[in-house]
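As structure tokens, the structure follows; a few thoughts come after it.
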């Protein structure tokens, strides 16, 4: 067996495990009292990163016992998981579309990277973030304005992990730059996995500063009648103020995180660092 056959064997096993993982999440997640957009986010994430996505769903979001979801997701690392997953799920669609278009029309690598960035950011920001936050912020226009910074910074770190991984693997695996090849999709899967890992720390900062929210608990109003809990309320103490329990028909409220919100100067510095990290990732991918 030559090296390429060995790689193809690994890829086949990866796709098999990914299919099982996606099937499990698709069937199971609708029993979890999570916001609908985040349910779809976990399905997409699992399609991207296979069994790692299913693992993160089970240990990061899936309700362990009835009535415990609020407390279960209140831990900071799970809130950050929800935030990062939301970013990767949305941006990933645009990035994949850009990679396919770039390959089909034979774009040069710089143009293809720019297209992937623009489509990834545009889809993640305008659809996955702003539409999801519209109910919290009152209007789509306000949601676009409020989510722009967090999406930009998170996207930069995601791409800083993805870009070099894509470039290195596509150079190393024959045929991996062809969207019609299974190797292309394996490379994109690995790249999104690395991008997820790279984006997690900045999402920790964003969530801890009240600039992004994590996971939520959504329970139908009628299921709470008689439980003394039919009024929407936060799911945790103020130490983790980045999510909310709400009824199916209740509006969402953004947490009051004014005390944690960083200054404009700090936010600009963090944004500049994110662009520097993105540039460093691209340079690394080009030169390795």
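Could you please find all residues in segment 53-66 being part of a helix (DSSP H, G or I), surrounded by 19 or more Cβ atoms within 10 Å (Cβ to Cβ) and over 14 Å from the mean Cα position of the chain (by Cα)?
The answer is none; no residue qualifies.
Among the residues of segment 277-288, write down those that are touching a helix residue (DSSP H, G or I) at 6+ places or on another chain (Cβ under 9 Å) and either at pLDDT 95 or above or in a helix (DSSP H, G or I) (or both).
If the condition is that a residue be touching a helix residue (DSSP H, G or I) at 6+ places or on another chain (Cβ under 9 Å) and either at pLDDT 95 or above or in a helix (DSSP H, G or I) (or both), then 277, 278, 279, 280, 281, 282, 283, 284, 285, 286 are the ones that fit.
Out of segment 97-115, which residues are in contact with a helix residue (DSSP H, G or I) (Cβ under 8 Å, 6 or more places away or on another chain) and over 17 Å from residue 159 (Cα atoms)?
If the condition is that a residue be in contact with a helix residue (DSSP H, G or I) (Cβ under 8 Å, 6 or more places away or on another chain) and over 17 Å from residue 159 (Cα atoms), then 101, 103, 107 are the ones that fit.
Is one or more of the residues making up segment 36-58 modelled with pLDDT of 95 or more and out of contact with any helix residue (DSSP H, G or I) (no Cβ under 8 Å at 6 or more places or on another chain)?
Looking for residues that are modelled with pLDDT of 95 or more and out of contact with any helix residue (DSSP H, G or I) (no Cβ under 8 Å at 6 or more places or on another chain), one finds at least one in segment 36-58, hence yes.
Residue 133: out of contact with any strand residue (DSSP E or B) (no Cβ under 9 Å at 6 or more places or on another chain), exposed (fewer than 14 other Cβ atoms within 10 Å of the Cβ) and in a helix (DSSP H, G or I), yes or no?
So residue 133 fails the test.
Would you call residue 135 over 15 Å from residue 196 (Cβ atoms) and touching a helix residue (DSSP H, G or I) at 6+ places or on another chain (Cβ under 7 Å)?
For residue 135, the condition - over 15 Å from residue 196 (Cβ atoms) and touching a helix residue (DSSP H, G or I) at 6+ places or on another chain (Cβ under 7 Å) - is not met.
Name every residue in segment 161-190 that is surrounded by fewer than 19 Cβ atoms within 10 Å (Cβ to Cβ), touching a residue at least 24 places away in the same chain (Cβ under 8 Å) and in a loop (DSSP other than H, G, I, E, B), in order of residue number.
174, 178, 179
Only one of (1) over 16 Å from the mean Cα position of the chain (by Cα); (2) within 26 Å of residue 186 (Cβ to Cβ) is not met by residue 81, so which one is it?
(1)
Please give the number of the condition residue 101 fails out of (1) over 26 Å from residue 206 (Cα atoms); (2) within 21 Å of the chain's Cα centre (by Cα).
Unmet condition: (2).
Could you check, for segment 26-33, whether at least one of its residues is within 20 Å of residue 128 (Cβ to Cβ) and at pLDDT below 95?
yes
Of these, 22, 80, which one is in contact (Cβ under 8 Å) with a residue 12 or more places away in the chain, crowded, with 19+ Cβ neighbours inside 10 Å and within 19 Å of residue 132 (Cβ to Cβ)?
Only one candidate passes the filter, namely 80.
Could you tell me whether any residue of segment 27-39 is assigned to a helix (DSSP H, G or I), free of Cβ contacts under 8 Å to residues at least 60 places away in the same chain and within 17 Å of the chain's Cα centre (by Cα)?
Checked segment 27-39: at least one residue is assigned to a helix (DSSP H, G or I), free of Cβ contacts under 8 Å to residues at least 60 places away in the same chain and within 17 Å of the chain's Cα centre (by Cα).
Conditions: (1) surrounded by fewer than 20 Cβ atoms within 10 Å (Cβ to Cβ); (2) farther than 30 Å from residue 210 by Cβ. Residue 50 meets all but one. Number of the miss?
That leaves (1) as the condition not met.
The values are calculated or read from the model by the stated rules, or taken from the named source; none is laboratory data. Just so it is clear, the model here is predicted, and its values are computed rather than measured. Please note: Cβ atoms are built from the backbone with ideal geometry, for glycine as well, and neighbour counts cover all protein chains shown.
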